[in-house]
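Have a look at the structure below, then the notes.
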């Protein structure tokens, strides 16, 4: 098993044995460059690793590796706007998502979606989204106007959902020719209109592959659930035990589709409530939440960013999170207890897995 870790100053790889107890660190790669996402694509048989690296020499760049990260090469091309419209220039690559059939998606800042069908030799735009008629009214979140989540329905690849901060959820049912806002019942506490058509600061969306129509969403305010692939949303945070409705990541257990994990934060410092680092878990689809902190620091003033949470396919499931102060914590028992895997890395921006099975 491999854990791919992107940081503010490069990428790292942690290699674990079958017991998930012993891990060896490799890196840094892309030394000194922001690495917002690192992912593995095994759709072609032999895994290919991709990294979204924000360089000051070549701009936002896709790197790839065909030897499990031992060596990396710049891809022949990286996402770029074809039309020089309204000064649109790709500033950062936020998210890379393989669809499992050889197609690669990339979400960028300022909010736009691209795809490659030739192993990142060339990239094409989703023009209907990237030049949407409402685009001039889109506003950035605190981290920028970023397209950070890409959800491809595994049984119908034409159904796509994306999360944009601070625009909300947009969806296409025809492979990207037409897009619509899908923010029904998602609130905006910082807006005079609490339930606008768009303007929601969605932070992350996830689902279990065996139950793909059920989406879980961490919003700037509130945790939400949809059982129809985003058509309508129900809040599952208010009055359910969570100490805060704010957080960045959310992830769903890979073998238990009603089990999800969030990391509540409070205040402008984005600290854990009362300075106590806790993972909050629902085991019943959001009916209630309970804290998990055995083995975690009792005092902590750091957070977990939107891409820095991953779950493996093992039974019981392993959960891996990277912090803004450079630690990776993990559990091999779905959250009953936690261990520290590594510390003193740069600020961790992403965590993802390449499983052995």
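The values are calculated or read from the model by the stated rules, or taken from the named source; none is laboratory data. Just so it is clear, the model here is predicted, and its values are computed rather than measured. Note that each Cβ is placed from the backbone with ideal geometry, even for glycine, and that neighbours are counted across all protein chains shown.
Filter the stretch 122-143 down to the residues that are at pLDDT 95 or above, under 20 Å from residue 202 (Cβ atoms) and in a strand (DSSP E or B) and list them by number.
Across the stretch 122-143, there are no qualifying residues.
Just one of (1) modelled with pLDDT of 95 or more; (2) within 22 Å of residue 205 (Cα to Cα); (3) touching a strand residue (DSSP E or B) at 6+ places or on another chain (Cβ under 9 Å); (4) surrounded by fewer than 21 Cβ atoms within 10 Å (Cβ to Cβ) trips up residue 355, so point out which.
So residue 355 meets the others, but not (1).
Restricting to the stretch 26-50, count the residues that are farther than 16 Å from residue 347 by Cα, touching a residue at least 60 places away in the same chain (Cβ under 8 Å) and either out of contact with any strand residue (DSSP E or B) (no Cβ under 9 Å at 6 or more places or on another chain) or assigned to a strand (DSSP E or B) (or both).
Our first condition is that a residue be farther than 16 Å from residue 347 by Cα; within the stretch 26-50, this holds for 26, 39-50.
Still in the list and also touching a residue at least 60 places away in the same chain (Cβ under 8 Å): 39-42, 47-50.
In the following step, the residues that additionally are either out of contact with any strand residue (DSSP E or B) (no Cβ under 9 Å at 6 or more places or on another chain) or assigned to a strand (DSSP E or B) (or both) were identified as 39-41, 48-50.
The total comes to 6.
Test residue 169 against the stated conditions and say whether it is crowded, with 22+ Cβ neighbours inside 10 Å, within 15 Å of residue 132 (Cβ to Cβ) and modelled with pLDDT of 95 or more.
Working: crowded, with 22+ Cβ neighbours inside 10 Å: yes; within 15 Å of residue 132 (Cβ to Cβ): yes; modelled with pLDDT of 95 or more: yes.
Yes, satisfied.
Select, from 194, 211, 185, the only residue that is under 18 Å from residue 245 (Cα atoms), out of contact with any strand residue (DSSP E or B) (no Cβ under 6 Å at 6 or more places or on another chain), surrounded by fewer than 18 Cβ atoms within 10 Å (Cβ to Cβ) and modelled with pLDDT of 95 or more.
Details: 194 fails: modelled with pLDDT of 95 or more; 211 fails: under 18 Å from residue 245 (Cα atoms).
It is 185.
When you check residue 164 against the structure, is it crowded, with 24+ Cβ neighbours inside 10 Å and part of a loop (DSSP other than H, G, I, E, B), yes or no?
Details: crowded, with 24+ Cβ neighbours inside 10 Å: yes; part of a loop (DSSP other than H, G, I, E, B): no.
No.
Filtering the stretch 96-119 down to residues that are part of a loop (DSSP other than H, G, I, E, B) and in contact (Cβ under 8 Å) with a residue 24 or more places away in the chain, which residue is surrounded by the most Cβ atoms within 10 Å (Cβ to Cβ)?
Looking only at the stretch 96-119, we keep the residues that are part of a loop (DSSP other than H, G, I, E, B), and these are 99-103, 110-111, 117-119.
The next check asks that each one be in contact (Cβ under 8 Å) with a residue 24 or more places away in the chain; those that pass are 99-103, 110-111, 119.
On the way: 99: 18, 100: 13, 101: 11, 102: 13, 103: 16, 110: 21, 111: 25, 119: 16.
Filtering first and then ranking leaves 111.
Conditions (1) part of a strand (DSSP E or B); (2) buried (at least 18 other Cβ atoms within 10 Å of the Cβ); (3) touching a helix residue (DSSP H, G or I) at 6+ places or on another chain (Cβ under 7 Å), marked per residue:
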| position | (1), (2), (3) |
| --- | --- |
| 3 | yes, yes, no |
| 19 | no, no, no |
| 24 | yes, no, no |
| 52 | yes, yes, no |
| 57 | no, no, no |
| 68 | no, no, no |
| 76 | no, no, no |
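Based on this model, can you work out whether residue 147 counts as closer than 25 Å to residue 196 by Cα, touching a residue at least 12 places away in the same chain (Cβ under 8 Å), touching a helix residue (DSSP H, G or I) at 6+ places or on another chain (Cβ under 8 Å) and not in a loop (DSSP other than H, G, I, E, B)?
Working: closer than 25 Å to residue 196 by Cα: yes; touching a residue at least 12 places away in the same chain (Cβ under 8 Å): yes; touching a helix residue (DSSP H, G or I) at 6+ places or on another chain (Cβ under 8 Å): no; not in a loop (DSSP other than H, G, I, E, B): yes.
Taking the combined requirement at face value, the residue does not satisfy it.
It is to be established whether one or more residues within the stretch 134-144 are in contact (Cβ under 8 Å) with a residue 12 or more places away in the chain and crowded, with 22+ Cβ neighbours inside 10 Å.
No, there is no match, as no residue in the stretch 134-144 is in contact (Cβ under 8 Å) with a residue 12 or more places away in the chain and crowded, with 22+ Cβ neighbours inside 10 Å.
Filter the strands (runs of 3 or more DSSP E) completely within the stretch 287-357 down to those with at least 1 residues that are closer than 13 Å to residue 277 by Cβ and without any contact (Cβ under 8 Å) to a residue 60 or more places away in the chain. Lay out the reasoning, then the answer.
Working: elements: 290-292, 309-311, 319-322, 328-331, 339-342, 348-354.
Of the strands (runs of 3 or more DSSP E) lying wholly inside the stretch 287-357, those with at least 1 residues that are closer than 13 Å to residue 277 by Cβ and without any contact (Cβ under 8 Å) to a residue 60 or more places away in the chain span 290-292, 328-331, 339-342.
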